[in-house]
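The values are calculated or read from the model by the stated rules, or taken from the named source; none is laboratory data. Every value quoted in this text rests on a predicted model; they were computed, and no experiment measured them. Positions of Cβ are backbone-derived with ideal geometry, glycine not excepted, and every protein chain shown enters the neighbour counts.
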Amino acid sequence: MSTEARDTIFIGKKPLMAYVTSTLIQLANLPAVNIKARGLSIGRAVDVAQIIARKTENAGYSIGNIRIGSESLESQDGRTRNVSTIEIEVKRNAA
């Protein structure tokens, strides 16, 4: 397993707090974690980052770089569609 796979949380359809918990577990071992989402999951990714940054402010986590973009995907009917993407870095503040 590559290091990128371990420091990246992919947002899908699970409950919000499952992603928050998973991100916090990764942040306990790593200095920074990337939260990635595309399409309709982008709002959930933003919520996860905000919960970590605001609710655990005293624990020293903050939001770093945010990258937005789009990917071209082929739909089931064969047409090409553009899907928005977001990548949010959540990092541990230096003590």
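One line per residue, one yes/no per condition, for (1) assigned to a helix (DSSP H, G or I); (2) crowded, with 16+ Cβ neighbours inside 10 Å:
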position	(1), (2)
L24	yes, yes
I35	no, yes
L40	yes, no
V48	yes, yes
E71	no, no
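Close Cβ contacts (under 6 Å, 6 or more residues apart or on different chains) running from residues in the stretch 34-47 that are of a type in the set (K, R) to residues that are buried (at least 18 other Cβ atoms within 10 Å of the Cβ) comprise R44/I11. Looking across the stretch 50-78, the residues that are modelled with pLDDT of 90 or more, out of contact with any Phe, Trp or Tyr (no Cβ under 7 Å at 6 or more places or on another chain) and not small (G, A, S) come down to Q50, I51, I63, N65, I66, R67, I68, E71. Considering only residues in the stretch 50-69 that are within 28 Å of N82 (Cβ to Cβ) and among the aliphatic types (A, V, I, L, M), the one that is surrounded by the most Cβ atoms within 10 Å (Cβ to Cβ) turns out to be I63.
Could you tell me whether G64 is farther than 22 Å from K14 by Cα and over 10 Å from the mean Cα position of the chain (by Cα)? I'd like the intermediate steps shown before the answer.
On the way: farther than 22 Å from K14 by Cα: yes; over 10 Å from the mean Cα position of the chain (by Cα): yes.
Criteria met by G64.
Set side by side, the residues T56, T23 differ, and just one is touching a residue at least 60 places away in the same chain (Cβ under 8 Å) and of a type in the set (S, T, N, Q), which is T23.
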